[in-house]
Amino acid sequence: MGDDKVLRLMLTSGLSVALGGAVLAVLLFHVYRLRNAKLLPARQALPKWTGFGVLAAVGLFFLFEVGSGLIQSMLIQSGFFKSFYGENFPLDLPETPSPTQKGAAVVRRLWSSALSFPLALMAIVLLRRSLQVQSTSRFRTWPLGFVAGYLTWLMITPAAFCVFVLASIAHTALTGKGPEKHPLTFIGELAGPWEWTLFVIQTIVVAAVLEEWLFRGVLLPWLAQRKPVPPETSFTILPRHRPMLILLGALGVGTAFTLGTDFLTRPAQVQTAFKEKQIAACAAYLIPAGFFLLLIPFDFLLPKLHRLRRYLRIRSSQDVRAIWASSALFAAMHAHVWPSPIPLMVLAMGLGYLYLRTRSLVGPIVVHGMFNAVSAVYLILGGPA
C-alpha cells in the first residue's frame, strides 16, 4: 500500500471522527441550550488525593490487568474460545508467534478486557468512597464537557499527529527502523464484527476512561496540591518535590518499557554497538531514555514562563509542573510502542490543561476517546498497522 493511500485513509478517518463528533456536539449544544454557558466554568476545588490514595489507584490500575488475565484464563478453561472460534483457535503465545497466534492473543485480550471493565468501574467507585475523596465532576454538566472536549480535540489532534509523523521520520532516519506496532494492531484475519466491536470498546471507552481517571483524575490533582492533605506523616511527600519524583519515575518506566524483556542483555548490546561504532544501533538503544531524561530540566524552566502561564490562565507554577510531570508519566506508560510517547506527550499536556480548567473528566475522556477513534477507524478501513 503506497504512502498516498495511507495518507488518504488517515485523512478519511480523521474527518469521519471529526464529522461524527461535530454532529453530536452541535446537537448537545442546542438541546441543552449551551449558547450562554461557559465552556470553561468557574473552577472548583480539586479532589484531595493523598499519597496513599495515589498508590492505591495505581495498584487498582494494574490490578485491572491482573483481573483481565484471570478472566481470560477462565474463558480458556471454560472452552469459550474453542466453542466460539473453533477447535483450531490458538490458546497460547509462543516465543516466536505467527501472525495468527498474535491475532488470537489480541482477541483473547479484547474479550477479557471488556468483561473486566465493569468490575474496574465498581472498584474505582469503592476506592473513592472508602478514601472519602469527593469527585469534582458533575454528571449534569456532561454535555458542556463533551463540547469542550470536542473543541479541544479539534485543536490538539492535528498537532499530535504532525509530531508523530516528524518523530517517526526522525526515528527511521536515526535508527533505520520504522515505528513499532501497537500490540492491538495484530488483530489481523481473525477480526470480524464481534472483534471490531470489542476493539472499538477497548480503544475508545476502556482505555480512555481508565487512563484519564488515573492520570488526570488522581495523579494530576495530587501533583497540583500546594499543601499536603492532612493528616501529614513522616512518609508524606511535600508538593514541591512531587513533580520531580514523577519525572524520575517516568524516566525509569519509559526506559524499562522500551527495553522490555531485554533489560538484562541491553547494557551489553549498547557497549558492543559503541565499540563497533554502530551509530544506528546506539541511537535505537539510547533515544527513548534520552527523551525522558530531556523532560526533567523543563520542570525548572516551564514555571518561569510567567507570560505564557497568564495567557493560558493557569493559576500557579505548581499547576504547570503538575501537567508536565503527569504527561511525562502518561507518555512513559506507552513507551513500548516507540516513538508514540513523543506525540502522546503533546496530547497529555492538552488533556491536563483541559482538566485543570474544567475540573471534570468528561472533556479529557472525550478527547482521549476521539483521539484513539481516528486510529481505530483507520484500521477498520484496512489501513496497515
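Among the lysines of the chain, pairs at least eight places apart or on separate chains and with Cα atoms under 22 Å apart come to 9. Compute the FRET efficiency between A37 and C162 as 1/(1 + (r/R0)^6), taking r as their Cβ-Cβ distance and R0 = 30 Å, and round to the nearest 0.05. It comes to 0.45. The simple spin-label model puts a point 7 Å past each Cα toward its Cβ; for S78 and L15 those points are separated by 4.4 nm. The GNM of the chain, with springs linking C-alpha atoms under 10 angstrom apart, assigns the highest mean-square fluctuation among A335, A224, A170 to A170.
Cα gyration tensor of the range 81-139, axes a ≥ b ≥ c as square roots of the eigenvalues: rounded (a/c below 1.5), prolate (a/b > b/c) or oblate? List each step's numbers first, then the result.
Values: a/c = 4.01, a/b = 3.08, b/c = 1.30.
Note, shape of the range 81-139 comes out prolate.
Considering only H334, H306, H171, the mean-square fluctuation computed in a Gaussian network model of the chain, springs between alpha carbons under 10 angstrom, is largest for H306.
At the listed q of 0.17, 0.19 Å⁻¹, the Debye profile of the range 113-249, built from one uniform point per Cα, gives log10 I(q)/I(0) equal to -1.31, -1.35.
Is the C-alpha gyration tensor of the range 1-147 telling us rounded, prolate or oblate? Criteria: a/c under 1.5 is rounded; beyond that, a/b larger than b/c is prolate, otherwise oblate.
Numbers: a/c = 2.56, a/b = 1.30, b/c = 1.97.
In terms of gyration-tensor shape, oblate.
Note on the chain: with a GNM built from Cα contacts shorter than 10 Å, the maximum mean-square fluctuation among R109, R33, R240 falls on R33. Inter-label distance, K5 to Q44: 5.1 nm, where each label sits 7 Å from its Cα along the C-beta direction. Charge dipole (Cα centre; +1 on Lys/Arg Cβ, -1 on Asp/Glu Cβ; no other charges) of the chain amounts to roughly 2040 debye.
Averaging over all projection directions, the Cα-based convex hull of the range 129-196 occupies 9.6 nm² in the image plane. Remark: the Cα gyration tensor places the chain in the rounded category, a/c being less than 1.5. For L251, the solvent-accessible surface computed with a 1.4 Å probe is close to 40 Å², ligands and nucleic acids excluded.
Rounded to the nearest 500, the helix-only mean residue ellipticity at 222 nm of the chain stands at -22000 deg cm²/dmol, with each DSSP H run of n ≥ 4 adding -39,500 (n - 2.57). Once the chain from R240 to T96 is taken as fully extended at 0.36 nm per residue, the excess over their C-alpha distance is 47.2 nm. Accessible surface of V26, taken over heavy atoms with a 1.4 Å probe and every protein chain present, rounds to 80 Å². Rolling a 1.4 Å probe over the protein chains gives W213 an accessible area of about 30 Å².
The values are calculated or read from the model by the stated rules, or taken from the named source; none is laboratory data. Everything numeric in this text was worked out from a predicted model, so none of it was measured. Neighbour counts run over all protein chains shown; Cβ positions are idealised from the backbone, glycine included. Just so you know, the surface numbers come from the protein's heavy atoms only, side chains and all, with ligands and any DNA or RNA stripped out. Shrake-Rupley method; radii C 1.70, N 1.55, O 1.52, S 1.80 Å.
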